[in-house]
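Asks: Sharing a structure, written as structure tokens. Questions coming.
The values are calculated or read from the model by the stated rules, or taken from the named source; none is laboratory data. Since this is a predicted model, take the numbers as computed values, not measurements. Methodologically, a virtual Cβ is constructed for each residue, glycine included, from the backbone with ideal geometry; neighbour enumeration extends over all protein chains shown.
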Amino acid sequence: MGSGTDYQLAMYYGAMFMAGWTVLLVWGAIKPIERRGLLLISSVFLFLSVIVELVYFVDMLGGIGFQFGVTKRLVVSLLFTGAYFYSLKLKRANGA
């Protein structure tokens, strides 16, 4: 486990972005149909994170935990994408 100031800075930035994205998703949950674009953005970034890990970090992060993390993000990415396109269908059906 890292303990240097560079590691602490990286963790601080990671926590800051995770907190910001959480607030953004909560904001999107208030009016989900109108803010459905957040789902597509989230889905793309989840998918990109899987690609980056598979290309650059698969040797370093192997094992069941790595497989679970990749599978979880792919499932959530598919759910977000499906919900986005389902919301488009609902919007068309309601005539909005």
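Asks: Looking at Val55, is it assigned by TED's automatic domain parsing to the domain that holds Leu78, assigned to a helix (DSSP H, G or I) and loosely packed, with under 10 Cβ neighbours inside 10 Å?
Replies: Numbers: assigned by TED's automatic domain parsing to the domain that holds Leu78: yes; assigned to a helix (DSSP H, G or I): yes; loosely packed, with under 10 Cβ neighbours inside 10 Å: yes.
So Val55 passes the test.
Asks: Only one of these is without any contact (Cβ under 8 Å) to a residue 24 or more places away in the chain and not in a loop (DSSP other than H, G, I, E, B): Phe80, Phe45. Name it.
Replies: Testing whether each residue is without any contact (Cβ under 8 Å) to a residue 24 or more places away in the chain and not in a loop (DSSP other than H, G, I, E, B) leaves just Phe45.
Asks: Moving to a separate point now. Quick check on Gly2: is it among the small types (Gly, Ala, Ser) and in a helix (DSSP H, G or I)?
Replies: Considered against the rule, which asks whether it is among the small types (Gly, Ala, Ser) and in a helix (DSSP H, G or I), Gly2 comes out as no.
Asks: All but one of (1) assigned by TED's automatic domain parsing to the domain that holds Arg92; (2) assigned to a loop (DSSP other than H, G, I, E, B); (3) loosely packed, with under 10 Cβ neighbours inside 10 Å hold for Gly65, so report the exception by its number.
Replies: (2)
Asks: Let me ask another. Any residue at all in the range 26-38 that's surrounded by 11 or more Cβ atoms within 10 Å (Cβ to Cβ) and among the acidic types (Asp, Glu)?
Replies: yes
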